[in-house]
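FYI, it's all coordinate maths here, none of it is from the lab. Not measured: the values here are computed from a predicted model.
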Amino acid sequence: MKEQDWWQNKIAYQIYPKSFYDSNGDGIGDLPGIISKLDYLQDLGVDILWLSPIYQSPMADQGYDISDYYRIDPCFGTMEDMEELIEQCRIRSMYVLMDLVVNHCSDEHEWFQKAKADPTGEYANFFYMQDTASDALPTNWRSYFGGPVWEPLADTGKSYLHVFHKKQPDLNWENPKVRQAVYNNINWWLEKGLGGFRIDAIINIKKALPLRSYAPDREDGLCHINTMLSDATGIDVFLRELKQSTFEKFNAFTVGELFSTKDGELLDFIGEDGYFSSVFDFAPTLIGQSAKGWYDNRPVTPEDYKEAIFTSQARVAGNGFLSTIIENHDEPRGVSRYLPAEECNDTSKKMLAATYFFLRGIPFLYQGQEIGMENTQFHDISEVDDVSTISEYQIALQAGLAPAAALRAVAPYSRDNARTPMQWNTATHSGFTAGTPWLAVNPNYRKINVAAQQEDTASVLHFYKQLIAMRKNPQYSDTLVHGSLLPVYREIPDLIGYYRQYRSQRLLLLSNFQNRPQTLVLEHPWQHVLLSNLVTSLDTPTSITLKPYQTLLLDVSDAIEFDK
Ligand code: GLC
Ligand code: CA
């Protein structure tokens, strides 16, 4: 019965290991570093830790290119460190999720090496290998990171498919041997005591067969992968088999990375018998995306944000749980994306935090979000590590932008914004490393860091602790976890309001997304202020003047008439 699943009242926190905490001064965050910060995370109140990939990898895409699923990359530590992390979490009643990256592996994985050595042998069928003796590519799909998805294999007359980087060849899920090898690995990890997995790029495992070209959507003659994906059918067979062969047996928590589902399909993923426990709500991250490329994206308005979150909530309609985010390792910092730059301050950061945190779903925090970390600044494209930013920069140049303008246009969307090292204190390199960090620290670390915020009860960090404590407070948790969500005052510009309702309790969240006060006449009088980001003096029980960027959580229970 879904309502009793162990993970529903939990709060998750994503760690990007490379940038979290470096224990040995090589400039790269590592597993012993994470272990040393578990007390900090426990004190914050989070229960589930998702680790971006730590498997052995050549790091062409920061670990999302795995060359051995059974090993820890030495830059992160050892298998003993990983076991110790799981154990230390268990002692603290915390759970570890690993990142499951099985749409593709690394071209340095043994399977691909064998396929390359014998492109007609058994392992060739672990991948998509096609004859490309003639000039024509097998299909005209554009890789997510730019350029065609087909890469020639030297001296073989064959090319292989990669929907991401060319060092990330796609695994052929049609081959039962591939599927079995994946399940064996998942079970091996779950037996070590993992809580579950975050599941990477999963919608890509099913290709539309037979492989074919589609109408091009840019001058490069290629089409977006989504065009092919929307033509693919039958992923349900793979996903049901995956669940039954692995997760189900361990009662694991799984959260899928899924940018869209076809109409009516969402409940197949997260309903009562869904393939996964949850999927991320990416609707806000898709706002303003241009088909031409990042350089042509448009900024987010409060109305966009409101419509995105309410549309997602309505799609789920209380059946199953989305996982809610404002950022992750693939996105800019949420406070830089959803708040105007000139108004990005502690008050507005707290407002954004409360607005997403009390939505119905499993709240995920991304490292540094709890202290309000912001986008970084790039002065030159050479400072960028992220493969997708580099590709989008090229697209901007091709569209005619001058180098400086191209950098300015793509920087707000760079994945490196969220990948800069965690800001622990005011020591050199923000206390992240005693060496030289692999990616430069955001210079604002002297102002924004954990140590300073721990001392300051008015900090963003303390506010996040309050949000977490509120969701766990036995007096309100049923409502905040299971209660239905009803948008209210939806037509009022720059205001986001919703009720959370469960049995005889009704809570009201109000956020004033503007730099002006806003007076509201309430439908129902309020009884208690449960949370506010500013000192409040509410006018009367039915009239409220919200200050600029104020957020309030109110108890309005006594005022309603209940159906049952
Ligand atoms: C997912 C990951 C991203 C990675 C891609 C390919 O989108 O979150 O970081 O580049 O998959 O594995
Ligand atoms: Ca290290």
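Counting only DSSP beta bridges whose two residues both lie in the chain, roughly 60 percent are antiparallel. The value given for the stretch 127-244 is a Kirkwood hydrodynamic radius of 15.7 Å, derived from the mean inverse Cα-Cα separation.
Listed cross-link partners Lys116/Lys243; Lys158/Lys292; Lys114/Lys177; Lys350/Lys472; Lys206/Lys249; Lys114/Lys249 are compared with a 21 Å cut-off, the Cα-Cα value being larger for Lys116/Lys243; Lys158/Lys292; Lys206/Lys249; Lys114/Lys249. Between rounded, prolate and oblate, where does the stretch 1-104 land on the alpha carbon gyration tensor, with a ≥ b ≥ c its root eigenvalues, rounded for a/c under 1.5, else prolate if a/b exceeds b/c? Oblate, since a/c reaches 1.5 and b/c is not below a/b. Residues whose amide H comes within less than 5 Å of that of Asp217, counting only those at least five positions distant or on another chain, are Leu222, Cys223, His224 (H built at 1.01 Å from N in the peptide plane). Here, the stretch 423-564 has an Rg and a Dmax of 19.2, 62 Å when only alpha carbons are counted.
The Stokes-Einstein estimate for the chain, based on a Kirkwood radius over Cα pairs and taken at 25 °C with 0.890 mPa s viscosity, is a diffusion coefficient of 99 µm²/s. Distance between the C-alpha centres of the stretch 38-89 and the stretch 239-318: 24 Å, rounded to the whole angstrom. With the convex hull of the Cα atoms taken as the outline of the stretch 190-328, the averaged projected area works out to 10.3 nm². When you restrict to C-alpha pairs under 8 Å that are six or more residues apart and normalise by the size of the chain, the relative contact order lands at 13 percent. How would the stretch 139-197 be classified by its alpha-carbon gyration tensor: rounded, prolate or oblate, with rounded meaning a/c under 1.5 and the a/b versus b/c comparison settling the rest? It comes out prolate by the Cα gyration axes. Taken over the stretch 354-497, the ratio of Cα radius of gyration to 2.2 N^0.38 Å equals 1.33. Helical runs (DSSP H, four residues minimum) scored at -39500 (n - 2.57) apiece and divided by the length of the chain put the mean residue ellipticity at 222 nm at -7500 deg cm²/dmol.
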